[in-house]
Amino acid sequence: MAAYTIERLSFAYPQRPAPALRDVSLNLARGDFAVLCGPSGGGKTTLLRHLKPALTPHGSRSGRVLFDGRDWSEVGPRERAQAIGFVSQNPDNQLVTDKVWHELAFGLESLGYPNHAIRLRVAEMASFFGLQDWFERDVAELSGGQKQLLNLASAMASQPSALILDEPTGQLDPIAAAEFLAAVKKINLELGTTVILSEHRLEEALPLADQVVVLRAGQVALAGPPKRVCAQAAAQAAAQAAAQAAAQAGTQAGTDPADQGAAEMLAALPSAVRVYAGLADAAHAADAAECPISVRDGRRFLDAVLGAASDKTKRLAVTGETGARADDAVTPGRDGHGRFGRRERAEGPAVELREVYFRFSRNGPDVLRGLSLTAPRGSILAVVGANGVGKSTALGVMAGLLRAYRGSLAVKGDLALLPQDPQTVFLRKTLEEDLCEALKPLVAGRSERSERAWAAAERVGLGHLMGAHPYDLSGGEQQRAALAKVLLSEPDVLLLDEPTKGLDAALKSALAETLKALAASGVGVVLVSHDIEFCARHADRCALMFNGGVIAEGAPREFFAGNGFYTTAANRMARGRWPAAILAREVVARCRAELGLAPTGGR
Amino acid sequence: MAKAGQSGTGTQSAPDDEDPWTPGRPAPDREARPAGGRSRRSDALQGCHPLVALVFFALVLSGAVLFLHPVLTALSLAGGLGYSIHLLGWRAVRFALFGMTPLFLVAAAFNPLFSHAGATILARLPGGAALTLESIVFGVFAGAMIVTVMIWFTACNQVLSADKLHFLFGRLAPALALVFAMTLRFVPRLAIQARRIAYAQRAITPPPARRGLARRAREGLAIVSILTTWALENSIETADSMRSRGFGTGPRSSFNHHRIDRRDRLTLALLGLAAAVFALATAYSLTTMRFYPALAVPSPGWLGLAGWLAYAGVVFTPLALGAQEELRWRRTQSSA
C-alpha cells in the first residue's frame, strides 16, 4: 500500500511567477526509504512540506497528495501531527524546551497523552536512540549531532508511520551525520517507518535508499532505485558531454537546457557513480552493467572492469611512482591558476604559527599543543581533522581573537575571518546598509562607500539582492554575502571556518572558484573543513590536525595518498591500485590509460 | 569521509567543547553547573519529590525571616550553613566567609548608628546620640537574619532547579509553564548568539576602529537590534517544529517524571506537624524576642521547647535525610 501518492502536484509561491513545483507525480510505498536530491532551490523543501500539512506553504496549487490512500480532508489534524514526523535542518531551532526529557515529551503533551503513557513512550525513545545518559540534561549542553538525534527521537515519540527529513545533516560534521543517517536507517529497518529524506551527502545517503528522486527546477528529473537513477544520470551526463563536443565541433552552441544540469547532477553523486560515468563504455565491455554507489561496490566495479589486468596493476602499484607519473600526464596542471600564483607564493608565508599553545582557561586542558602551521601567500591551505581537535580555535588564534599563551604568530598584512555561521556576520537591515556600514572605518566618502559596496556585491553575484534583509537570503546567498562583507577590507589573508557546510555541489564549486581567484591575486587562503572531497579537489596544501597539533601536511595528492580512512571516497576505491589517485576523474583517467581507452573529455 | 569512529546510533558524537564561537561556554574547569541543575554530590532532598523541597524551603525561609529569637535564629543559621556546605563544599565556606561575614558586620554595625532607641545606653556617639545595647543586639539579629536567608537561598537554588519549579507551578498553569520552559531555552541561546556575533564582528572590523567608545556603543546597539531579528527569524522554525508535533491540536497535558513515594509522604507529614507547632508557638508569641524598649526573651515553657525541637527538626531535615541514606548505604555495603 502506498504511504504517499503524489498526483501531478504543481505549486507556486504567491508573488513569484516561476512555479516551485511542476507536475510532480510520485508513489512511495509503505516502508520505503526515499532520498530526495537535486540542487538547492530545486523544490526539495517545498515538496517535503507538502507531505506534512501543518507546514505546507501558502500559494496556488494544483494536483493532490494522498496520505495512506486518503485525501488530507479525511485525515484529522491530530492524526496529521501524530502520524507524520518532521525534522528540518537546524538542530537548535527545532528544540522547543530546555530539557532533553521535556523535548521528548513535547509532542505527546501536545497530543494530550496522560502522564503514565508519556512516561513509557519517553523511556522507549530514550532506550531506542541511546539517550539515557543525557536524559536529564539541558539541551544547551548537547553537541549539534546530539541535538539533531534528539530532534529525531522527539519526532518519533508519537510513533509516526512516515518520517520526513529536510536536509537533517546539513549542519553536522561527517561523523555526526553518519550517526544520524544510521539512526534513520535503523528506524526504517526496525520499525518499518516510511522515510523521505532530502540530502546533499549522497555518498552516505544513497546506499541506504530504496528510491531516489532527483528534483530539478521543480520537476522530477529522475526517479527510481538508486542504482538505476545513478546509471541514468551517468548516461545523461555522457550524452550531454557528447552533445557539447558536437556543438563545439560545429559552430552551433545551443544545447538543450534540460540537459544542461546533467553534469551538475553527476557532480553531486557519489564518487563511485562518477567513476562509473567515466568508464561507461568499458563497463559495457566488461559486462559490469550495474552502477556502483558505494565505495565497496566501486572497488568491485573496478575489479570487474579491469578484469584480468588487475594482477599487473597491483605489481605496478607496489613499485610505486607509476601512478604519479600517469597522473601528471592526464590531469591539467593544478598550479596553473592565475598569472600571479607562483610569483606571489614565492613571497613567503601569509600566516605563520610557531609552536602555539592555547587553552580557554587557566586550569583547562590545552586545546592547541605546539601547533606549527604556515599558510603561504597566493595559495589555499586546507586544515582538516575531526571534531574538537582545535581547528576553529587555531583560526581564532590566527585572527588574533584568541591569545596563545605560548608560541608566536606572524601575519603578513590584513586578515579577515569568515565564521561558520554567516548569520553572525550581518548587523543591518539590508545588505547594502550592512556593507556600507562595514566600509565606514575604511572609506571616508559616502558615495564611494556605496560604490564599493555595490561592486563587492556584484562580484559575488548578489547585486539584485542589495535591498534584501541579509537573513532573507538563502543559505548559499548568505554565505556569499558574508564573504563579500569580509572581503571589503581587501585582506591579504582570508580565513574560512567550514565554508562548505550545507552547500550543494554547484555552490561548492562556485565557492572554490572564488577562493582560487583570491589565491591567484595573492591572498593567502586558509580554510578549516570536514569536507575532505572539497579539500582534495581545490586546496593547494592540506594539513591534518589531531590533538591540538598538525600531524601531517602536504599537497593533497601526497597527503591523501597515504591515508587509509581519512581520505576521499575515490581514493578509498582505488586503494591498492593507484594510491595517488584522489579524485574520481583521476581514477577514471588511470583506469582508461590501463585499458588503453581514449581519455574522456568530461570529468 | 572518515568513518573510523562511527558507532551505530551511538551518542558519542564529539561534543563541541572547544567551539570558540561560543566563548564562555567551554570551560571544563569552571564550577561546571551539573546536569539538570543538580549538585555534583548526591543529596537526599534533591531525590525527594519537588513538593517536599518546596514545602521545606517555604518553611525554612519564612522561619528565618519571622523568628527573631536567639535559639531559633542560631538553629536556622547552623542548619543553613551545614546544608549549604553539604551541597557546595568549600564554595559554601568561601561564600560564608568572604560574602556573608562582611554583610553581617555591616548590617550589625549599621543599626546602632542610625537607631538610638532602647533603654540601656552604653555610650554617647560623637554627635551626642545614644549607643544602646538594644540597637546593637537588634543589629546583630537583623544581620544574622539576612545572612541566614541568603545562605538558605543558595541551597534552595541548588535544590529547586528550574525544571522542578516548572513542574510545581506547571500544575497550576500549564500554558504558563510551557512559556517558562521555552524562556529557559531561549534566553541562554540569545546570549550565546550575541557572543558569537560579537566574536565574528571582532574578526571583521579592523583593529584601529575597534577602540572608539562611541563606535563600540553603536555596534552594541546594532548587535541588539540584529538579535531581535535573529530571534524572530529562528522562532519561525521553532513554531514549525511545535506545530509539526501537534501543538494546538487539542488540550495539552503536562508530563513530569516525579512520583511521591512513602518517604516523601512521611516527610511532608512531619513538616506539616512542625508547621502547626510553629503556628501555635507564634500565636503565643514564643518565637520572637522583644528588642525595644528592653531586651526580653520569652520564657519557653513546654510549647516553646516543643517549638525549638520542631524547628531543629525542620532545619536539619535535609542533613538528617542525607545521614539516613548514608547509613542505609553503608549497611547495604557491609552486609553485601
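Rounded if a/c is under 1.5, else prolate if a/b beats b/c, else oblate: with a ≥ b ≥ c from the C-alpha gyration tensor eigenvalues square-rooted, which is the range B:173-238? Judged from the Cα gyration tensor, the range B:173-238 comes out prolate (a/c at least 1.5, a/b above b/c). With all protein chains in place and ligands, DNA and RNA left out, the 1.4 Å accessible area ranks B:CYS48, A:CYS436 as A:CYS436, B:CYS48, largest first. Taken along the Cα-to-beta-carbon direction at a fixed 7 Å, the label points for B:THR282 and B:ARG262 span 3.3 nm.
Membrane-span-like helices in chain A, defined here as complete DSSP H runs extending at least 15 Å along the helix axis by their C-alpha atoms with mean Kyte-Doolittle hydropathy no lower than -0.5, are A:100-110, A:115-129, A:144-156, A:174-191, A:226-249, A:257-268, A:295-306, A:505-520, A:584-595; this is a sequence and geometry rule, not a statement about a membrane.
In summary, the range A:19-71 shows an alpha-carbon radius of gyration equal to 1.16 times the 2.2 N^0.38 Å reference for compact globular proteins. Counting only protein heavy atoms and a 1.4 Å probe, the protein assembly as shown has 43 square angstrom of accessible area per residue. In the range A:2-224, the C-alpha radius of gyration followed by the widest Cα-Cα span (Dmax) gives 17.1, 51 angstrom.
Please give me the summed charge of the neighbours of A:GLY170: other residues whose Cβ is under 12 Å from its Cβ, Lys and Arg +1, Asp and Glu -1. Can you show the working numbers first?
Values: positive: A:LYS44, A:ARG201, A:LYS501; negative: A:ASP166, A:GLU167, A:ASP173, A:GLU199, A:GLU498, A:ASP504.
Here the charged neighbours net out to -3.
Expressed as a whole percent, the accessible area of the range A:95-198 that falls on carbon and sulfur atoms is 52 (1.4 Å probe).
Sorted into 10 angstrom bins from 0, the C-alpha pair distances of the range A:540-596 split as 25, 47, 21, 6, 1 percent.
The per residue volume of the convex hull around the alpha-carbon atoms of the range A:341-561 is 125 Å³.
Heavy-atom accessible surface of A:ASP303, to the nearest 10 Å², is about 80 Å², with a 1.4 Å probe and all protein chains retained. Residues of the range B:180-199 that bury at least 50 Å² of accessible area once all protein chains are present, compared with their chain alone (1.4 Å probe, heavy atoms only, ligands and nucleic acids left out), are B:ARG185, B:TYR199. Per-residue accessible area (protein heavy atoms, 1.4 Å probe) orders A:LYS147, A:LYS186, A:LYS412 as A:LYS412, A:LYS186, A:LYS147, starting from the largest.
The value for the protein assembly as shown of Rg(Cα) / (2.2 N^0.38 Å) is 1.14. When +1 charges are put on Lys and Arg Cβ atoms and -1 charges on Asp and Glu Cβ atoms, the dipole computed for the range A:2-224 relative to its Cα centre reaches about 800 debye. For the range A:82-96, a reduction of at least 10 Å² in accessible area between the chain on its own and the assembled protein chains (probe 1.4 Å) is found at A:PHE86, A:SER88, A:ASN90, A:ASP92, A:ASN93, A:GLN94, A:LEU95, A:VAL96. Shape verdict for the range B:144-258, please, from the Cα gyration tensor: rounded (a/c under 1.5), prolate (a/b greater than b/c) or oblate. Because a/c hits 1.5 or more and a/b fails to exceed b/c, the range B:144-258 counts as oblate. With the helix formula -39500 (n - 2.57) applied to DSSP H stretches of n ≥ 4, the protein assembly as shown reaches a computed 222 nm mean residue ellipticity of -16000 deg cm²/dmol.
Taking the DSSP bridge list for the range A:341-561 and keeping only pairs wholly inside it, about 50 percent are antiparallel. In the range A:341-561, a dipole from Cβ-located charges (positive for Lys and Arg, negative for Asp and Glu) runs towards its positive end, and of A:ALA512, A:PRO556, A:THR500 it is A:PRO556 whose Cα lies farthest in that direction.
Nearest-5 percent of antiparallel DSSP beta bridges in the protein assembly as shown?
Values: 41 of 75 bridges.
Expressed as a percentage, antiparallel bridges in the protein assembly as shown total about 55.
Dipole orientation for chain A: of the candidates A:GLN423, A:GLY364, A:ILE380, A:ILE380 has the Cα lying most toward the positive pole (charges on Cβ; Lys, Arg +1; Asp, Glu -1). Ordering A:LYS185, A:LYS501 by accessible surface, largest first, gives A:LYS501, A:LYS185; the 1.4 Å probe counts only protein heavy atoms, with every chain in place.
Given a Förster radius of 22 Å and the C-beta distance between B:ARG91 and B:GLU326 as r, what FRET efficiency does 1/(1 + (r/R0)^6) yield to the nearest 0.05? Intermediate values should be presented prior to the final figure.
Working: r = 21 Å, r/R0 = 0.96.
Efficiency for this residue pair is about 0.55.
Among A:THR169, A:HIS116, A:PRO53, which residue has its Cα furthest toward the positive end of the charge dipole of the range A:2-224, with +1 on Lys/Arg Cβ and -1 on Asp/Glu Cβ? My answer, from the dipole projection, is A:PRO53.
Once A binds B, the 1.4 Å probe can no longer reach about 7800 Å² of accessible area, counting both sides. Across all directions, the average flat footprint of the convex hull enclosing the Cα atoms of chain B is 29.6 nm².
Using a probe of 1.4 Å on the protein chains alone, the accessible area found for B:PHE57 is around 0 Å².
Counting only Cβ charges, +1 for Lys and Arg and -1 for Asp and Glu, the dipole size of the protein assembly as shown around its Cα centre is about 1440 debye.
Sorted from longest to shortest, the spans of the Cα atoms of the range A:132-201 along the three principal axes equal 31, 27, 17 Å.
The values are calculated or read from the model by the stated rules, or taken from the named source; none is laboratory data. Values in this document were obtained by computation on a predicted structure and should not be read as measured data. Ideal geometry is used to build each Cβ from the backbone, glycine not excepted, and the neighbour counts take in all protein chains shown. Just so you know, the surface numbers come from the protein's heavy atoms only, side chains and all, with ligands and any DNA or RNA stripped out. Shrake-Rupley method; radii C 1.70, N 1.55, O 1.52, S 1.80 Å.
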